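> Okay, handing you the structure first.
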Amino acid sequence: MRQTGNTILITGGGSGIGAALARRFHDLGNTVIVAGRRREALEGTIAGRPGMHAIELDVESAAGVADFARRLLAEHPGVNILVNNAGIMRFEALDRARDLADAEATVATNLLGPIRLVDALVEHLAARPDAAIVNVTSGLAFVPLVATPTYNATKAAIHSYTLSLREALKGRVEVIELAPPGVQTGLTPGQESRPGYMPLDAFIDEVMALFAGQPTPREILVERVRPLRFAEAGGRFDETMAGLNEAAAKARQG
């Protein structure tokens, strides 16, 4: 993926990984558009940065995604890179009947959102030089956290979707998967300072170094996530899942 001179759209750009990526790519000389639900958060990301722009987007709404795509291309026809980063993570109990609103919102945001946005922009991107799509998944796509089952499932689905998308767009659009480990962000309550999670700055430093590789890896995997990504292939799935869930439960308990 070309490192500079792009026009990059990053969803979920108001905080966390999305905001950090937006600033780093902007530092490299790219025009960056951040998108998300909260205008105030988006404005915080772009403050004091000419060449960064903010557009509100609710990825849960099919009509909203279609309208967003029209506004985006009217204002920024040079967009050549899409980073599907917007996501939510909710804790759910599977051992009893429950209100499925959290599960349904997670599917709408994490799975249908990226699919709808790719669909809205794919023909435009395929006609642009140096085009790329980056789908942000998770180490939990490969080894699940029992407390967040729908989140894990949506990220596993986007991993599979990315494999198909890469083959379908071969030679026209570069398709990259970014699979983070647990990172200190606001994805869940208290996660910004949760022990055992990777500091955001350290994560972004490693990610940007990987993006700079030639050729860019198909999967952007920091060292901390590799044990999850390759647990099954290495015959370590059961022990990795047990260790992950034990460590995560202890971290949440403080």
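Where a number appears in this text, it was derived from the coordinates with a stated rule and is not lab data. Just so we're clear, the structure is a prediction, and the values are computed from it rather than from any experiment. Heads up, the Cβs are rebuilt from the backbone with ideal geometry, glycines too, and the neighbour counts pull from every protein chain shown.
> Could you run the Karplus curve 6.51 cos²θ - 1.76 cosθ + 1.60 with θ = phi - 60° over segment 111-123 and give me ³J(HN,Hα) per residue in whole Hz, x for Gly and Pro?
10, 5, x, x, 4, 5, 6, 4, 4, 5, 10, 4, 5
> Would you compute, from DSSP H runs of 4+ residues alone, the mean residue ellipticity of the chain at 222 nm, taking -39500 (n - 2.57) per run and dividing by the full residue count, rounded to the nearest 500? List each step's numbers first, then the result.
Working: 9 runs with 107 residues, N = 254.
After summing the helix terms and dividing by the residues of the chain, the value is -13000 deg cm²/dmol.
> If you don't mind, another one. What FRET efficiency, computed as 1/(1 + (r/R0)^6) with R0 = 30 Å and r the Cβ-Cβ distance, is obtained for ALA209 and ILE115, rounded to the nearest 0.05? Write down the numbers at each step before the final one.
Details: r = 30 Å, r/R0 = 0.98.
It comes to 0.50.
> Continuing with the same structure: VAL183's amide H: which non-local residues (gap 5+, or another chain) put their own amide H closer than 5 Å, with H modeled 1.01 Å from N in plane and none for Pro or chain starts?
Excluding prolines and chain starts, which carry no amide H, the hits are MET198.
> Calculate, for LYS250 and ALA97, the FRET efficiency according to 1/(1 + (r/R0)^6) with r their C-beta to C-beta distance and R0 35 Å; round to the nearest 0.05. Could the numbers behind the result be given before it?
Working: r = 28 Å, r/R0 = 0.80.
Between LYS250 and ALA97 the formula returns 0.80.
> Please list, by residue number, every one of the trypsin sites (Lys or Arg not before Pro) in segment 1-107 that is coil in DSSP and has at most 13 other beta-carbon atoms within 10 Å. Walk me through the numbers before you get to the answer.
Values: sites: ARG2, ARG23, ARG24, ARG37, ARG38, ARG39, ARG70, ARG71, ARG90, ARG96, ARG98; in loops: ARG2, ARG37, ARG38, ARG90, ARG96, ARG98.
Hits after loop and neighbour filter: ARG38, ARG96, ARG98.
> Using θ = phi - 60° and the Karplus curve 6.51 cos²θ - 1.76 cosθ + 1.60, what whole-Hz ³J(HN,Hα) does each residue of segment 170-187 get, with Gly and Pro shown as x?
3, x, 10, 9, 6, 10, 10, 10, 10, 10, x, x, x, 10, 6, 9, x, 4
> Return the tail of the calculated pair distribution for the chain, meaning the percent of Cα-Cα pairs more than 28 Å apart. List each step's numbers first, then the result.
Working: 9432 of 32131 pairs.
That tail contains 29 percent of the Cα-Cα pairs.
> Same structure, new question: P(r) tail for segment 172-240, what percent of Cα pairs lie past 15 Å? Could the numbers behind the result be given before it?
Values: 1418 of 2346 pairs.
Of all Cα-Cα pairs in segment 172-240, 60 percent lie more than 15 Å apart.
> A further question follows. With contacts defined as alpha carbon pairs under 8 Å and 6 or more residues apart, what's the relative contact order of segment 7-253 in percent? Walk me through the intermediate numbers first.
Details: 415 pairs, mean separation 41.2, N = 247.
Normalised by residue count, the contact order of segment 7-253 is 17 percent.
> Let me ask something else about it. Once each part is reduced to its C-alpha centroid, what is the distance from segment 173-193 to segment 1-28 in angstrom?
If we compute the Cα centre of each part, the gap is 14 Å.
> Roughly speaking, what is the centre-to-centre gap between segment 107-144 and segment 194-254 when only Cα atoms are used, to the nearest Å?
20
> Go ahead and collect, in residue order, the members of segment 138-178 whose backbone nitrogen is under 11 Å from a label point 7 Å along the Cα-Cβ direction of PHE237.
Under 11 Å, as judged by backbone N against the label point of PHE237, lie 142-144 of segment 138-178.
> Now for a different question. Amide H of GLU174: which non-local residues (sequence gap of 5 or more, or other chain) have their own amide H closer than 5 Å, using H built in the peptide plane?
Under 5 Å from the amide H of GLU174 lie the amide H atoms of ALA131, ALA132, ILE133, each far enough along the sequence or on another chain.
> Related question: So which trypsin sites (Lys or Arg not before Pro) in segment 117-201 end up in coil per DSSP with only 11 or fewer other C-beta atoms within 10 Å? Walk me through the numbers on the way to the answer.
Numbers: sites: LYS155, ARG166, LYS170, ARG172; in loops: LYS170, ARG172.
Within segment 117-201, the qualifying trypsin sites (Lys or Arg not before Pro) (loop, at most 11 other Cβ atoms within 10 Å) are LYS170.
> Mind listing which GluC sites (Glu not before Pro) in segment 178-254 are in a DSSP loop and have 14 or fewer other Cβ atoms within 10 Å? Write out the running numbers ahead of the final one.
Working: sites: GLU192, GLU206, GLU219, GLU223, GLU232, GLU239, GLU246; in loops: GLU232.
Listed in order of number, the matching sites are GLU232.
> In addition: Distances over 22 Å make up what percent of all Cα-Cα pairs in segment 65-141?
Numbers: 1053 of 2926 pairs.
Value for segment 65-141 (Cα pairs over 22 Å): 36 percent.
> Considering only DSSP beta bridges where both residues belong to segment 7-253, give the percentage that are antiparallel (nearest 5). Don't skip to the end; give the middle numbers.
Numbers: 0 of 25 bridges.
Rounded to the nearest five, the antiparallel share is 0 percent.
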